[in-house]
């Protein structure tokens, strides 16, 4: 330590240095340091480049803006059939149960028809006697031995007896319950020994050779559904399987209660080895307005004015903004279709450009929907 500096320190410690002198010495000692720091800061500011305003950027590219509507429905058989009893009686035998497949005219059950059989036997006996009487009077009529009125009376008796036989044959036949077509039994409501009445439902069957799903679609969406178009179906019972369905028909009127229009689908593409059963819950994805390859930008990137003019801000290779007029199309899922004004690959400000202006210096600090591999240098600045 220099001798003069040590002397000053000693004078200060002994309290013999005037206060004004002390302040002057401290200022002389710190002023060179402050000047040196100020010069260093000036040099640092003079050597750095302007950084610009931080923005989020987006590369203009094609997207799928197809309007998708999801609806659910229940798988149903093409035809559902209810087999009812045509007579009152007791069930003698039941041959099938739920899940069994039957063919047309196959016997499902039988009722006790012994009383009807007895009536049929009696009617046939009466018919036999009436036929004998008719044959006799017919011969007499040919010989002119009886009048025409006598002949007509016997002939009428024969016709009545014949009709009575047909009546009891029909009633006996009602005791045999048959399948009306090829189908699978979905419900059996009777057991042997049950007493049933006329028109009581005995079996329910379904023709599952063709399966359908009926959806309820709003009037706003139904206009975009075309008969014959195909769409995928997913089922909760078959989570790993996709079934193809075809729009079979769109109903001409909406349901008065729900104001929804029924749309019927037919399952036309069930994968081999997969079983789809009536009653399964099906989830359909409907493409209402197909737009699968259109230029689109984030909705927040688009600015508008009262004159129906819209624009975005392009980021050029000099890190500056350029205002570009565009023609927007549909807006879906936070994206807006661009019909004119942009080209694929251009870089735009992706969010909140409200306070920006032409020629403003910016730097990209975030990418919307991923950074493009061939982005310009401005797009890679941080």
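The values are calculated or read from the model by the stated rules, or taken from the named source; none is laboratory data. Worth saying up front: this structure is predicted, and the values here are computed from it rather than measured. Using ideal geometry, Cβ is built from the backbone for each residue, glycine included, and neighbour counts are taken over all protein chains shown.
Restricting 344, 278, 372 to those that are within 23 Å of residue 55 (Cβ to Cβ), assigned to a loop (DSSP other than H, G, I, E, B) and modelled with pLDDT under 90 reduces the list to 372. For region 340-357, the set of residues classified as out of contact with any helix residue (DSSP H, G or I) (no Cβ under 7 Å at 6 or more places or on another chain) and surrounded by 12 or more Cβ atoms within 10 Å (Cβ to Cβ) consists of 341, 342, 345, 346, 356, listed by residue number.
Residue check: is residue 261 on the phi < 0 side of the Ramachandran plot and either part of a strand (DSSP E or B) or assigned by TED's automatic domain parsing to the domain that holds residue 185 (or both)? Yes: the conditions hold for residue 261.
Mind telling me which of the residues 326, 364, 312 ends up being touching a strand residue (DSSP E or B) at 6+ places or on another chain (Cβ under 9 Å) and touching a residue at least 60 places away in the same chain (Cβ under 8 Å)?
After applying the criteria, what remains is 364.
Screening residue 56 with (1) touching a strand residue (DSSP E or B) at 6+ places or on another chain (Cβ under 8 Å); (2) surrounded by 13 or more Cβ atoms within 10 Å (Cβ to Cβ); (3) at pLDDT below 80 gives one miss only, at (3).
The single residue among 193, 228 that is surrounded by fewer than 15 Cβ atoms within 10 Å (Cβ to Cβ), in contact (Cβ under 8 Å) with a residue 60 or more places away in the chain and on the phi > 0 side of the Ramachandran plot turns out to be 193. Cβ-Cβ distances below 6 Å connect the following pairs, each with a first residue in region 83-106 that is under 14 Å from residue 203 (Cα atoms), a second residue that is exposed (fewer than 13 other Cβ atoms within 10 Å of the Cβ), and a separation of six or more residues or different chains: 84/199; 91/192; 93/192; 94/192.
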